[in-house]
1. Just name one of Asn405, Phe303, Leu4: the one whose Cα is farthest towards the positive end of the charge dipole of the chain (beta-carbon charges, Lys/Arg +1, Asp/Glu -1).
2. Placing +1 at every Lys and Arg Cβ and -1 at every Asp and Glu Cβ, with all other atoms neutral, what dipole size does the stretch 311-366 have around its Cα centre, in debye to the nearest 20?
3. Of the beta bridges DSSP finds with both residues in the chain, what % are antiparallel, to the nearest 5?
4. Can you list which of the trypsin sites (Lys or Arg not before Pro) found in the stretch 213-274 are DSSP loop residues with at most 13 other C-beta atoms within 10 Å?
5. In debye, nearest 20: dipole of the stretch 278-437 around its Cα centre with unit charges on the Cβ of K, R (+) and D, E (-)?
6. Using only the alpha carbons of the stretch 1-146, what is the convex hull's orientation-averaged projected area in square nanometres?
7. Between [x] 78, 53, 36; [y] 66, 54, 35; [z] 208, 70, 46, which entry matches Cα extents along the principal axes in Å as derived from the coordinates of this structure?
8. Considering only protein heavy atoms and a 1.4 Å probe, what is the carbon-and-sulfur percentage of the accessible area of the chain?
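The values are calculated or read from the model by the stated rules, or taken from the named source; none is laboratory data. Remember, predicted model here, so these are calculated numbers, not experimental data. Here the Cβ is made from the backbone with ideal geometry for all residues, glycine too, and neighbour counts use every protein chain on show. With ligands, DNA and RNA removed, areas are computed over all heavy atoms of the protein, side chains included. Shrake-Rupley method; radii C 1.70, N 1.55, O 1.52, S 1.80 Å.
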Amino acid sequence: MRKLALELMKTAIEAADPYRAVKSSLKLDDGWLEVSGRKFPVRGRIYLLAFGKAACRMSRAAFDVLGGKIAEAVVATKHGYASGCPRNGRVRIIEAGHPLPDENSLQAGKLGLELAEKVGKDDILLVLISGGGSAILELPEVGITLDELIKTNDLLLRSGAKIHEINTVRKHISRVKGGKLAKHVEGTLISLIISDVVGDNLEAIASGPTVRDPTTFQDAHKILLHYGLWNKLPHSIREHIALGLEGKREETLKRDLLNVHNFIIGSVEKSCMAVKTKAEELGFNAHILTTVMEGEAREVGVFLGCMIQEIYHWERPFRKPTVLVMGGETTVSVGDAEGLGGPSQELALSAARKISGLKGTVLIAFDTDGTDGPTDAAGGLVDGTTLEKLENLGIDIDEVLRNHNAYHALEKVGALLKTGPTGTNVNSMVIAIIRGG
């Protein structure tokens, strides 16, 4: 059963392959660049800016299609994810911080902005965007330091705020997010985007550097007040947002630009469909419960565990053998806890309480990029024996969840899932297999 769960996870990741997604979306033919069925004339130079966890495989595909037409490229990805990047004299590769930005993130933002400003009216800027881009490519507003930016990001990530709320704040303290990058492009801007946010909202993916933004300084302020963060922020951040509320700081882009074209070429929905199809081929009744999963990770784990019990004992609402598939983004309200873990690990550990004793039942929760939270694990793989194993080691699962220390608990019972960098990122997923004893 564990082997089957890993096989289905592999299916999900392969369905989100960024190389295939880009290569199937681009075509160069007789002076025209065709993008997902739309044609753009190639009159001048083509510049390439790629950023996010899938930047290397996406940019390699672009080079394989466009070859010598690319005059210059900047590729920014997470530390340790640069394997597979195209390497030649026209490419500048930067490995930067995630989930928190670092000096290299600011360097990537500066180079990205400089590249955008080079694009003349007859040129094309091809932008390849994937998950993690908010931290990997960054350039704070004037007067905001890197340390202040890191502190603000850390507060947001620990607060339990949803990703679109976090990105609303990020956009209003950045010079490249919220469509601000697009403002600097005179020529044609084409973005190919692999979505890692619930609902595939363009303005939320990597904080929307190439799309108009419906959020305002007022929205950012309300979010910070709601999560009790306003008075904890560095002075420079509060001052910038306060001036924005008074109309004294630049707002994010509020209108569609005629020279900007955005295309979503990958999402968690495609991965969920691939898992469903594979499970059905293997003889299971497969069901996608949702592709917009949200909520506190441990609570989602409880709900899913209860649903597994219902199917296991009474075959409601689905008959066994069953595979359940979910995609989306759960959160963890860490607060001041110092434990180690991530949303997928916490979800799996929480579900382990509810599926204890159920034979022929496994649940795998993972982040498709191979990195769950600030850890080297992708998630957790639990079954009907996981809780008993923890108790035999004297581990109190409720205490572990309170301290948000799922990593070490799962590691001790062989339930920690490590894949290494996968080269893609389309949200998190959960796959439950209920076959019965």
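1. Value computed over the given set: Leu4.
2. Here the size comes out at about 560 debye.
3. Details: 30 of 67 bridges.
Close to 45 percent.
4. Values: sites: Lys222, Lys232, Arg238, Lys248, Arg249, Lys254, Arg255, Lys270; in loops: Lys248, Arg249, Lys254, Arg255.
The qualifying sites are Lys248, Lys254, Arg255.
5. Roughly 720 debye for the stretch 278-437.
6. Dividing the Cα hull surface by four gives the mean projection, 10.5 nm².
7. Among [x] 78, 53, 36; [y] 66, 54, 35; [z] 208, 70, 46, the one derived from this structure is [y].
8. About 47 percent, which is the carbon plus sulfur part of the accessible surface.
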